[in-house]
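Before any comments, here is the structure.
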């Protein structure tokens with residue numbers, strides 16, 4: 001942790017295929033052990049597959065899927081006078097994107113399809129149609145926040 | 001037109017680039033770019049200075065590259081091509097600079113330190 005000011009956000013290069021920072025972020029999150037070209041292959045093939053299935057522009061489906069998974073509210077633990085409360089808070093836009101990417105990847109991993117490309121394509125398709133594991137996670141998070149509305153003033 | 005040489009480096013890779021008037025053929029260590037790098041994305045990457053300056057089909061390019069891995073070699077080649085282009089057409093300097101094609105990427109492997117397992121990683125802690 002820096003002592004003086006908040007650290008500057010690192011700026012990342014847009015990805016080479018769609019020229020999009022969102023894609024780079026996604027690839028970086030998907031990447032394991034520095035294997036970038038494998039992560040790129042998985043994402044790009046999944047987008048192609050989604051394009052075929054939806055017969056729409058694959059990148060637009062991808063963008064929409066991420067947008068659909070972005071949460072609005074979540075809960076944060078806050079200790080006030082010995083008791084811990086689950087305080088609902090609004091999610092910052094950067095964190096929204098990060099969470100959406102993380103959820104999509106994690107729920108894709110739990111899908112029954114055999115290859116990561118197919119899993120990711122399936123999860124993106126579901127998210128695009130507002131269903132599937134990652135969408136459910138977003139709704140659960142929102143419900144948690146709703147249920148703890150009473151503590152909202154602790155923020 | 002004209003011929004010229006550019007040298008580029010990235011990470012621990014070095015590339016010597018020879019630009020010759022021609023029709024857009026590129027050879028890297030005696031092989032075609034896609035054959036040498038094996039990844040289309042890297043081939044597109046080295047062509048970037050040519051694409052930006054609209055010179056794609058006016059030069060034959062011969063590259064000798066040594067050291068590092070293929071990504072580093074591709075980056076070194078890209079810088080070499082950009083520098084050679086500037087030698088022939090100084091007026092391209094601004095366009096290429098805007099695209100950061102003339103900037104030597106200064107990120108290098110950080111050295112391993114004594115007392116540590118790697119550059120930053122500490123040895124496993126054992127209380128006794």
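Just so it is clear, none of the values below were taken in a lab; they were calculated from the coordinates. Note that the structure is a prediction, hence the values are computed from the model and not measured. As a convention, Cβ positions derive from the backbone with ideal geometry for all residues, glycine included, and neighbour counts pool all protein chains shown.
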### Task
On each of the three principal axes of the Cα atoms of chain A, give max minus min coordinate, whole Å, ordered largest first.
54, 39, 25
### Task
Post the alpha-carbon centroid distance, the range B:41-74 to the range A:71-85, in whole angstrom.
53 Å
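Do you know the relative contact order of the range A:1-119, to the nearest whole percent, from alpha carbon pairs under 8 angstrom that are 6+ apart?
On the way: 97 pairs, mean separation 21.2, N = 119.
The normalised contact order for the range A:1-119 reaches 18 percent.
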### Query
In deg cm²/dmol and to the nearest 500, what is the mean residue ellipticity at 222 nm of the protein assembly as shown if only DSSP H runs of at least 4 residues count, each as -39500 (n - 2.57), divided by the residue total?
-14000 deg cm²/dmol
### Task
For the range B:77-111 and the range A:1-49, write down the distance between their C-alpha centroids in whole Å.
24 Å
### Query
Roughly what % of Cα-Cα distances in the range B:4-98 sit above 16 Å, to the whole percent?
47 percent
### Message
For the pair residue A:93/residue A:5, report the inter-label distance in nm, with labels modelled 7 Å from Cα in the Cβ direction.
### Response
2.1 nm
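Can you sort A:41, A:153 by how many other beta carbons sit within 10 Å, fewest first?
So the residues, fewest neighbours to most, are A:153, A:41.
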### Query
Kirkwood hydrodynamic radius (Cα pairs, Å) of the range A:13-94?
15.2 Å
### Task
Mind pulling up the Rg/Rh value for the protein assembly as shown? Radius of gyration and Kirkwood radius, both on Cα.
1.08
#### Entry: With Cα atoms, 0 to 90° folded angle of helix B:70-88 axis to chain B main axis
40 degrees
### Query
What is the ratio of the Cα radius of gyration of the range B:1-46 to 2.2 N^0.38 Å, where N is its residue count, to two decimals?
1.23
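Whole number please: convex hull volume per residue of the Cα set in the range B:83-124, in Å³?
Working: hull volume 3.4 nm³, N = 42.
Convex hull volume per residue, Cα atoms: 80 Å³.
Mean separation of Cα pairs under 8 Å and 6+ residues apart, divided by the residue count of chain B: what relative contact order is that in percent?
Values: 241 pairs, mean separation 41.9, N = 128.
The value is 33 percent.
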